[in-house]
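Trainee: Handing you a structure now.
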Amino acid sequence: MDSVDNQFQDKMDAPAAYAQDGAAPRTPLEIRIMAILAAARFYGYELDRADMRIPPNEVPPPAAYVRWLQNAGLWARASQLKWRQLVAMSDARPVVLLLDDGSAALMVRTDPARNVVWLKDPAAAFETDPVPVDELRLAQAWSGLVLLLRPERGLAPDDQPFSVQWIVGLVLREKKLLRDILVGSVTLAILTIFPPLIIMTVVDRVVTHHSWSTLTLVALLLGVASLYEAIIGWCRRQQILFVATRLDAKLGLYIFRRLLGLPIDFFERKPAGEIMHALHETGKIKQFLTGRMLATALDFITLVVIIPVLLILNPILTALIMACALCILGIIVAFLGPYRRLYAKYIQAEIAKGVTMVETIHGIRTVKSLAMEPVQKDEWDKRTAAAGEANLAAQKLANWPATLVQPFESIMTRFVILIGAAMILQDGTGSVGGLFAFMMLSGRVAQPLVSLSKLIEDAEEQRTAVAYASSILNSRPESTNPSAGVRPRFEGAVSFNKVEFTYPGSKTKALDGVTFDIAPGTMLGLVGRSGSGKSTITRLLQGINREYEGFVKIDGMDLREINLAHLRRSFGVVLQDNFLFRGTIRENILAGRPGLTLTDAVRAARLAGAEEFIERMPLGYETFVEEGSPNLSGGQRQRLAIARALIHDPRILILDEATSALDPESEALVNANIKRIAHGRTMVIVSHRLSSIMDCHQIMVMDRGRVIDMGTHDQLVERCAIYRHLWSQQNRHIDAAAERAALIQGS
Ligand SMILES: Nc1ncnc2c1ncn2[C@@H]1O[C@H](COP(=O)(O)OP(=O)(O)OP(=O)(O)O)[C@@H](O)[C@H]1O
Ligand SMILES: [Mg+2]
């Protein structure tokens, strides 16, 4: 036990941030969060409070903690435990007891012999020993809510690659529901045997012996069986519905999560239409699994029940039926390969169609303004025709097995009666009633087999769909362990050391031996021709592209060591074209950051020079911004984006052509504010207009991925030819005026 205790001592070592003894008393919520942090740390997971996405002044429900832990890659569950169960937990791992006052205690071990548990107070100094607590004492503060956690064994379901096995696993995990469905189906299968057998009795006994009493009994039985069948059928459909809905939700969550985990350059390379189509395909998979697949599986249960009965009724006819079944199966399998090829072609054609559609919708402004409608329409027509042809070819082929199967089906359902009758006539084997029963049951055998043929065809479609969706969803995510990496408080020193970078698929280097250093609080201006690598520098800084050579450091710390989410949260970024989400102006400025209020939004808006136009709007900060923000001008949108980037007071602010779209007046407004904005933070300003960066502490001139020179405006005008050229280009009007003045004076 001692060693276990030591283990806790080691692993839960308090980081500096928590060892602040004598500080203000902590709130219960803080204590609770500390307990969870400590428990996660025991397993080597460093949680980020910012990931919890709960405003600090709200009390999060236990589910919020569970989600928080799960997102960091832990297995977690909130449970209601009895004292008996708690004491019985023998393994040495921390359990978070959620106390009634909103705080928490860490249970580090149990002692069933003495009937006590050992608790640690997460807020106390971390060296303190755990104290034993008995049932009575604990009951005063705790009513059974615990948070259980442990590292996820193997891969979490959410991290497993997307594949057919994964989906099947997802379905099979619904054990309880599946079991109910199975029981219902077996019952139904048994019930289906009854009516034919009863008819057999009616024909053989009632009709032959004129027995009224038997008929009454049989009628009664039939009635009860029908009623029962209806009820069970209802239950089964209900259960299937549940499975389908749950599966749908799980699949949706999984897909969206994986999609968000993909790096930006993935989205830059793949057309949106292709991604959308792949995701759409996953919907089909779900439908297939819970629709046809489940139905066929259940039909097979019927088969298993019916075939023995058929064998008893008439072995020869049963053999005949089985032979037909085998023929049907053979036909289906024979057509599988060719169908697979044609279907793959059809899917390709559909994807091409989807790409055109999405491209047109996204670029509709350009399409309209260039009057490109006929061009797009032609392309759409062509692609639609191609998809139609491909589909027709595949379905034409599929028509063959469906036709060839037909005769065998007829034999199974209709000819058996003739053959059976012939057998009775010839040597008197079997009864007339038995023949009726046989015929009714054998119909039930044909049905699952025919649906199997359709199933195989469908399965082919699903395989293609899964392969396609997995080609997208299984791309390498941005980071394999989102909780990894350090989370320092940034000061804002940035240094690049011999950084080389080439975009995937490109031959020329976008950055070629870039080296520079800036101190915290520096305003760095980046200038250079288009394509010289300015934006690439800002992308590397944000960790968007990570496959570079050399070193990028923030505050002397290698960028690759820093937690990615933390890194991006510490930046403020404004681009030339910024996306505003559907929502009010206030919501757009706050951008879902927890714990911020309208006051913060107003402060940020003022700093960004956006206050003036927001207040002129009829609803002010509550004005609704539509998708694509048509109700805002380009300059207004830009200033909102700047406010949004400033809302969390980032240490490092990147403005990439942020003021290019502004009219001179708004630009002057923002530029005038930039000194104020820059106060206390590092700024990286990319701009083609030298007037926006003239006042920067340092200006870096770039050309073809190299740093040409770095210095202040005055230094650069003096010694850097490229900069001087840019400067004179942009100030030609001034030079011309000066020349004219000189001429006039001279004459
Ligand atoms: N996503 C990308 N994929 C491939 N190559 C890219 C990508 N983005 C930029 N490049 C290439 O990298 C080089 C540097 O581009 P970068 O965007 O950094 O230039 P820039 O200086 O910001 O130009 P601009 O002033 O036009 O914004 C260019 O040659 C460009 O073609
Ligand atoms: Mg750029």
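A short reminder: the numbers here are calculations on the coordinates, not readings from a lab. A quick note: this is a predicted structure, and the numbers were derived from the prediction, not measured. Neighbour counts are summed over all protein chains in view; Cβ atoms, including those assigned to glycine, are modelled from backbone coordinates with ideal geometry.
Trainee: Per-residue counts of other Cβ atoms within 10 Å, averaged by peptide: what ranking do you get for 398-408, 607-617, highest first?
Mentor: With the highest mean Cβ count within 10 Å placed first, the list reads 607-617, 398-408.
Trainee: Output the DSSP H helices from the chain with an along-axis C-alpha extent of no less than 27 Å and a mean Kyte-Doolittle hydropathy no less than 1.6. Let's see the in-between values first.
Mentor: Details: long enough: 175-201 (39 Å, 1.40); 212-261 (73 Å, 0.86); 294-313 (29 Å, 2.66); 315-362 (66 Å, 1.14); 373-410 (54 Å, -0.71); 432-473 (61 Å, 0.62).
Helices meeting the span and hydropathy rule in the chain are 294-313.
Trainee: So how far apart, in nm, are the two label points at F242 and F624 if each is 7 Å from Cα heading toward Cβ?
Mentor: 3.9 nm
Trainee: Moving to a separate point now. For segment 606-646, what class follows from the C-alpha gyration tensor (a ≥ b ≥ c being the square roots of its eigenvalues): rounded when a/c is under 1.5, otherwise prolate if a/b is larger than b/c, else oblate? Don't skip to the answer; put the middle values down first.
Mentor: Working: a/c = 1.73, a/b = 1.16, b/c = 1.49.
Verdict is oblate for segment 606-646.
Trainee: Among the listed pairs K286/K507; K120/K553; K353/K454; K175/K345, give every one whose C-alpha distance is greater than 31 Å.
Mentor: Working: K286/K507 42 Å; K120/K553 39 Å; K353/K454 26 Å; K175/K345 37 Å.
The pairs that break the limit, which is 31 Å between Cα atoms, are K286/K507; K120/K553; K175/K345.
Trainee: Only sites in a loop by DSSP and with at most 14 other Cβ atoms within 10 Å count here; which GluC sites (Glu not before Pro) in segment 475-575 make the cut? Could the numbers behind the result be given before it?
Mentor: Details: sites: E478, E491, E500, E547, E549, E561; in loops: E478, E491, E547.
Answer by residue number: E547.
Trainee: Pulled fully out, how much extra length does the chain show between A141 and I316, if you take 0.36 nm times their separation in residues and subtract their Cα-Cα distance?
Mentor: So the extension gain works out to 55.5 nm.
Trainee: Quick one: dipole size for segment 305-416, taken about the Cα centre, charges +1 on Lys/Arg Cβ and -1 on Asp/Glu Cβ, in debye to the nearest 20. Kindly include the intermediate steps, with their values, before the conclusion.
Mentor: Details: 11 positive and 8 negative charges, 17 e Å.
Charge dipole of segment 305-416: 80 debye, to the nearest 20.
Trainee: Could you tell me the center-to-center distance, by alpha carbons, between segment 58-78 and segment 618-692 in angstrom?
Mentor: 36 Å
Trainee: Test of understanding: what is the full-extension gain from F579 to N474, defined as 0.36 nm times their sequence separation minus their Cα-Cα distance? Intermediate results must be reported in sequence, preceding the final value.
Mentor: Numbers: separation 105, 0.36 × 105 = 37.80 nm, distance 2.69 nm.
Residue separation times 0.36 nm, minus the Cα-Cα distance, leaves 35.1 nm.
Trainee: In the calculated pair distance distribution of segment 164-473, what percentage of Cα-Cα distances lie above 23 Å?
Mentor: Details: 32773 of 47895 pairs.
Looking at segment 164-473, the distances longer than 23 Å represent 68 percent of pairs.
Trainee: What share of the DSSP beta bridges in the chain is antiparallel, in percent to the nearest 5?
Mentor: Values: 41 of 60 bridges.
Counting only bridges with both partners in the chain, antiparallel ones make up about 70 percent.
Trainee: Once you put a point 7 Å from the Cα of F267 and another 7 Å from the Cα of H280, both along the Cβ direction, what distance in nm separates them?
Mentor: The two pseudo-label positions are separated by 2.0 nm.
Trainee: Treat the count of other C-beta atoms within 10 Å as a stand-in for reagent exposure and order I647, I36 from fewest to most. Could the numbers behind the result be given before it?
Mentor: On the way: I647 21, I36 25.
By the 10 Å Cβ count, ascending: I647, I36.
Trainee: What are the residues whose amide H is under 5 Å from the amide H of T584, where those residues sit 5 or more places off or on another chain and H is modelled from the backbone?
Mentor: Under 5 Å from the amide H of T584 lie the amide H atoms of V625, each far enough along the sequence or on another chain.
Trainee: Assuming 0.36 nm per residue, please report the length gained on full extension of the stretch S431 to C327 beyond their Cα-Cα distance.
Mentor: Length difference between fully extended and current span is 34.6 nm.
Trainee: Still on this model: Against the 2.2 N^0.38 Å scaling, with N counting residues, where does segment 492-574 land? I'd like the Cα-based Rg ratio to two decimal places. All intermediate terms of the calculation are to be shown ahead of the outcome.
Mentor: On the way: Rg = 12.4 Å, N = 83, 2.2 N^0.38 = 11.8 Å.
Here the answer is 1.05, to two decimals.
Trainee: Using helices alone, what [θ] at 222 nm do you get for the chain, with -39,500 (n - 2.57) per DSSP H run of 4 or more residues, divided over all residues and rounded to the nearest 500? Numbers along the way, then the final one.
Mentor: Working: 27 runs with 423 residues, N = 747.
About -18500 deg cm²/dmol.
Trainee: In what order do T282, T27 fall by count of nearby beta-carbon atoms within 10 Å, going from fewest to most?
Mentor: T27, T282
Trainee: Around I31, with a cut-off of 10 angstrom between Cβ atoms, what is the net charge of the other residues, counting Lys and Arg +1 and Asp and Glu -1? Walk me through the intermediate numbers first.
Mentor: On the way: positive: R26, R32; negative: E30, D101, D121.
Residues near I31 contribute -1 overall.
Trainee: Describe numerically, in nm with one decimal, the distance between label points set 7 Å from Cα along Cα→Cβ at V168 and at A297.
Mentor: About 1.0 nm, to one decimal.
Trainee: Moving on. Could you give me D for the chain, from Stokes-Einstein at 10 °C and 1.306 mPa s, where the hydrodynamic radius is the Kirkwood radius over C-alpha pairs? Units µm² s⁻¹, please. Present the calculation step by step, with values, prior to reporting the outcome.
Mentor: Details: Rh = 32.8 Å.
Diffusion coefficient, whole number: 48 µm²/s.
Trainee: Which order results if H277, H210, H566 are arranged by neighbouring Cβ count within 10 Å, fewest first?
Mentor: Fewest to most other Cβ atoms nearby, the residues stand as H210, H566, H277.
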